[in-house]
Every structure is written in structure tokens, then in C-alpha cells.
1. Here is a list of conditions, (1) more than 18 Å from residue 70 (Cβ to Cβ); (2) touching a helix residue (DSSP H, G or I) at 6+ places or on another chain (Cβ under 9 Å); (3) outside any loop (DSSP other than H, G, I, E, B), and residue 228 meets all of them except one; can you say which number that is?
2. Restricting attention to the stretch 160-176, report how many residues are within 27 Å of residue 43 (Cα to Cα) and modelled with pLDDT of 95 or more.
3. For the stretch 37-63, how many residues meet the condition of being crowded, with 19+ Cβ neighbours inside 10 Å and assigned to a helix (DSSP H, G or I)?
4. Counting only residues that are under 15 Å from the mean Cα position of the chain (by Cα), crowded, with 20+ Cβ neighbours inside 10 Å and among the polar types (S, T, N, Q), how many does the stretch 169-218 have?
5. Look through the stretch 110-159, keep the residues that are farther than 16 Å from residue 98 by Cα and charged (D, E, K, R), and return whichever of them is modelled with the lowest pLDDT.
6. Which of the following residues is more than 21 Å from residue 92 (Cβ to Cβ), touching a residue at least 60 places away in the same chain (Cβ under 8 Å) and assigned to a loop (DSSP other than H, G, I, E, B): 118, 163?
7. Right, residue 58: under 25 Å from residue 113 (Cα atoms), at pLDDT 95 or above and touching a Gly at 6+ places or on another chain (Cβ under 8 Å) or not?
8. Looking at (1) within 19 Å of residue 116 (Cα to Cα); (2) loosely packed, with under 14 Cβ neighbours inside 10 Å; (3) free of Cβ contacts under 8 Å to residues at least 60 places away in the same chain, which is the only condition residue 16 fails?
Amino acid sequence: MKVFILLRSTLFALGQITTLVLFSVLGQLTRPFSHKVRYAFMSKWAYFCLAWLRVTCGIRAKPQGLEQIDPKKAGLILARHESAWETLYLQTIFPRQAYVLKQELLRIPFFGWGMSLLHPIAIDRAGGRAALKQLLTEGQERLANGNWVVIFPEGTRMPPNELGKINVGGAMLAKQSGVPVYLVSHNAGRLWPKNSFLKHPGIIDVQVQRVDNLEALSLSELNQLTADWFSANFESPTPPSGGSNA
């Protein structure tokens, strides 16, 4: 079984890397155009990767709460971070997005070149107050321009069933901007673990919850609500599948 999973994971990686190079290089031709055009092209890579992941590794998602998403008004997405999977999946369920990420990711060949086309908010995680100010300023700018903003409040990928510290930046941007806030929990780390080449077949549970009473919440209350929602999948995750394709 481990050899089979290794072979399937290798097949996925070949397709992922090959198309990453292709999209990153061709994507440079979209630089003269608007962010909307650049995003429309580059996001197709995420759709391909998820489809290829399902075919090669048997991983698919079971989302709940998508009916709460209002695509007509840009919102703030506070998402659980366990894997690379969610950075792809979020692009398929929410409108055009700008990610908050660490600056060094933009220096990765091909990946960074492609990511730079998407107008991310690239911060220095050791920047302290300066990084927080940048997040708030650029975050509100992106939202005002109709882009959804994605923040991983834990700051780094966490192992399944382990909650990281919820940083205050996301809650501050939510309160200052007043836009709709969506909490996204999932358990992708069970099937696509952090820093692991192997990807195991099964179903990733995704839970989306819109925060409707934002004005009544303090920063600490919003952070606690976020932490509670991220823990929603900790109790009874869907077991990984042993089949060949889900």
C-alpha cells in the first residue's frame, strides 16, 4: 500500500510541477493586464491541481456552509492552515483573492514568480508593528478594490488536531474594514501532511461559517470564535480511505 501511495504521489507531483512551470512562465505575459485578468489565468492552475489530485491520489473535498458565501461583496477569509491543499481549494469556492504570505515565498523560482502576479500582501513575519501596519493598510486596499483577502491566523501550517496561536492581525483587519468575515476549518493535514511528499486517499471535511455579528465582538472574542471554529474538525474527522480513488 505504501508503494502504491508513493507512486500516486509521484504522479501528482510530476503534473503539479510541470504545470507550475508552464503557468508561471506563460503568466508573465499577463503582466500588462489588470489583476482580474492575471488572477483569472493563474487560478486555473489551482483548478488543475485539485482535479489532478483527485485522479492521481483519490483526494476530494466535502464542503459545508458554501451557501453562506455572498460573491457580490468582497470579504475576509480566516482559514485554518494545515497543508498546501487549502491554498488551492480556497480559490475554487471564493471569488478573486489576495493572500497574506511571508515575503520569502516570492523568492521561490516559478512559484514566487506566479504568486507575484496575484497581488499578494507579502509581509516580513519578523517585522512586528511594521508588518501589522502593512497588513492593515494593504488589506483594506485590496478589499476596497473588490479582492477577497485570505489570512491564515495561525501564521504557519499546524499538524492535525493541534491549534496554533491565533494572531490578532486578522481580527483587527476584520474590525477596521467591516467587511463580511468567513471562518474556514478543514482537516487537510490528515491526507496531505505538512512537509510530506505522500498524499493519502480520502475526503477532506471543509466547514465555512460567516460571522454575522462582527460589530458586537471584541478582538479577543473574534479570535476565540476563530479558534473554536478551527477546532470543529478535531473531534470526529472522516477516516482516510484505503481505496484507489475517492
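The values are calculated or read from the model by the stated rules, or taken from the named source; none is laboratory data. Keep in mind that what you see is a predicted model, and the values were worked out from it rather than measured. Here Cβ is always computed from backbone atoms with ideal geometry, including for glycine, and neighbour counts include all displayed protein chains.
1. (2)
2. Residues flagged as within 27 Å of residue 43 (Cα to Cα) and modelled with pLDDT of 95 or more within the stretch 160-176 amount to 5.
3. Looking only at that region, the number is 8.
4. 2
5. Applying the filter and picking the extreme gives 125.
6. On inspection, the qualifying residue turns out to be 163.
7. no
8. All conditions are met except number (2).
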